[in-house]
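Below is one structure, written out as structure tokens; the observations come after it.
The values are calculated or read from the model by the stated rules, or taken from the named source; none is laboratory data. Quick caveat: nothing in here was measured; it's all calculated off a predicted structure. Note: ideal-geometry Cβ built from the backbone for every residue, glycine included; neighbour counts use all protein chains shown. Note: accessible area is taken over every heavy atom of the protein model, side chains too, but ligands, DNA and RNA are not part of it. Shrake-Rupley method; radii C 1.70, N 1.55, O 1.52, S 1.80 Å.
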Amino acid sequence: MKPFDVYPINPINIVKASGSTVWDAEGNAYLDLYGGHAVISIGHTHPHYVKRITDQLNRIGFYSNSVEIPIQRELARLLGEVSGKMDYDLFLCNSGAEANENALKLASFYNKRRKVIAFSKSFHGRTSLAVAATDNPNIVAPVNETENVIFLPFNDEKALQDAFGTYGDEISAVIIESIQGVGGIREASIPFLQLIRSLCNQYNAVFIADEVQCGYGRTGLFYAQDYSGVEADIYTMAKGMGNGFPIGAISISPKFKAVHGSLGTTFGGNHLACAAALAVLEVIRQDNLMENALQVGQYLIDELKKIDDIVEVRGRGLMIGIELPASLAHVKKDLLLKDRIFTGEAKPNVIRLLPALNITKQHADQFLSALQQQLKAVTVL
């Protein structure tokens, strides 16, 4: 047996990691400014994180949700405090797709409706309803196709108003990434997010903020959507939540009432996952990492905007998109293979930065210097 070949893989074997540095099997060090798709939020192998997980594993790693698991309540309390959503409830699962799946399902249970509004260039996951609400036909199998999802242009207020005017009482939920990740680090405008809130109130639809990539402190706010000044009904989260340990969740407003059996999971909320998530939140709060994300991210954005060869710089905090001309689409690969810096991409030619929230200005300068050298080398050629 061999792994099913669905991933385009870089020819690099990472065998060790610490902070924002990773090492390959030959001992070469790389600067990690991608964190495995925004997953590494507090740095690789953070000592507090390792100790939290090790201590928990030495006691108990797993039992199902058929018994009391006090560490779940500890996690819910701390997450409420750090996020500022103390009156919300927490449902724990295993991934971002599962979080979005449960959010959409909960919305439909709530108002007994079927239709969902999603947006162009959205990405919400690869499971059944999550992928149906994802604007990428290449990953939607025939069995996932449904007429219940309405795709609208991102940031188009008139299209949103028209859709509610046409389908208002049929719309169960609106799901949106306030800053699109796979879609190229594109930010929803404050008026657009406020309009979603207003229309959901008017029609009793559910506002779902997909915070799987843009949330968990990455923008300088715990939930990116909250820059709009309004609250969502459900916030979904995963990637940065466990710093590499698989965990996801939805944060649920008080308007929803829990019913036994309506949602469920075997592995979600297990002892080990909760220990990992607690460690992340403790470090975020203790080390003031949201403020660091805001400051270092703004420094990066300001410096990147000074570089002439860049078409556009987008994002907030440490969720940054660098759009390059089509002729420079190879620069991301050059940064990896020549400068040993991991970054991400949004096709065709956007470099995505999604580093740990505790990167330093020195890390930022290392990247800026390498990027400028790569751009200069192309100019000389």
key: Ile69 assigned by the TED database to the domain that holds Gly269, in contact with a Gly (Cβ under 9 Å, 6 or more places away or on another chain) and open to solvent by less than 60 Å² (accessible area, probe 1.4 Å)   = yes
request  = Collect the residues in the range 135-191 that are open to solvent by 10 Å² or more (accessible area, probe 1.4 Å), in contact with a Phe, Trp or Tyr (Cβ under 8 Å, 6 or more places away or on another chain) and not in a loop (DSSP other than H, G, I, E, B), keeping them in residue-number order.
outcome  = Ile150, Phe151, Leu152, Glu157, Asp169, Arg186, Ile190
ask   = Does the range 99-110 contain at least one residue that is over 22 Å from Pro191 (Cα atoms) and outside any helix (DSSP H, G or I)?
value = no
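Within the range 113-134, can you find the residues that are in contact (Cβ under 8 Å) with a residue 24 or more places away in the chain and assigned to a loop (DSSP other than H, G, I, E, B)?
Applying the first criterion (in contact (Cβ under 8 Å) with a residue 24 or more places away in the chain) to the range 113-134 yields 113-131, 133.
Hits for the range 113-134 are Arg113, Arg114, Ser120, Lys121, Ser122, Phe123, His124, Gly125, Arg126, Thr127, Ala133.
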Subset tally (residues that are basic (Lys, Arg) and under 19 Å from Asn102 (Cα atoms)) for the range 202-245 = 1
message = Considering only residues that are outside any loop (DSSP other than H, G, I, E, B), open to solvent by 10 Å² or more (accessible area, probe 1.4 Å) and within 17 Å of Ala377 (Cβ to Cβ), which ones fall in the range 296-327?
response = Ser327
ask   = Does Gln56 fit the bill of being in the same structural domain as Gln225 (by the TED database), farther than 24 Å from Val212 by Cα, touching a Cys at 6+ places or on another chain (Cβ under 9 Å) and not in a loop (DSSP other than H, G, I, E, B)?
value = yes
note = Selection from the range 53-66 of residues open to solvent by less than 70 Å² (accessible area, probe 1.4 Å) and either over 23 Å from the mean Cα position of the chain (by Cα) or over 16 Å from Ile247 (Cβ atoms) (or both) yields Thr54, Asp55, Gln56, Ile60, Gly61, Ser64
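Only one of these is surrounded by 15 or more Cβ atoms within 10 Å (Cβ to Cβ), closer than 30 Å to Ser83 by Cβ and modelled with pLDDT under 95: Ala293, Ala346. Name it.
Values: Ala293 fails: modelled with pLDDT under 95.
Being surrounded by 15 or more Cβ atoms within 10 Å (Cβ to Cβ), closer than 30 Å to Ser83 by Cβ and modelled with pLDDT under 95 holds for just one of Ala293, Ala346, which is Ala346.
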inquiry  = On the basis of being assigned by the TED database to the domain that holds Gln225, within 26 Å of Asn292 (Cα to Cα), of a type in the set (D, E, K, R) and touching a Ser or Thr at 6+ places or on another chain (Cβ under 7 Å), does Lys51 make the cut?
reply    = no
ask   = Tyr34 versus (1) in contact with a helix residue (DSSP H, G or I) (Cβ under 6 Å, 6 or more places away or on another chain); (2) open to solvent by less than 60 Å² (accessible area, probe 1.4 Å): which is the lone unmet condition?
value = (1)
Residue in the range 361-374 that is nearest to the chain's Cα centre (by Cα), counting only those that are in contact (Cβ under 8 Å) with a residue 24 or more places away in the chain and open to solvent by 50 Å² or more (accessible area, probe 1.4 Å) = Lys361
Subset of the range 334-359 (residues that are within 25 Å of Gly240 (Cβ to Cβ), part of a helix (DSSP H, G or I) and out of contact with any helix residue (DSSP H, G or I) (no Cβ under 7 Å at 6 or more places or on another chain)) = Leu336
query = Given the structure, is Glu74 outside the structural domain of His271 (by the TED database) and either open to solvent by 50 Å² or more (accessible area, probe 1.4 Å) or not in a loop (DSSP other than H, G, I, E, B) (or both)?
reply = no
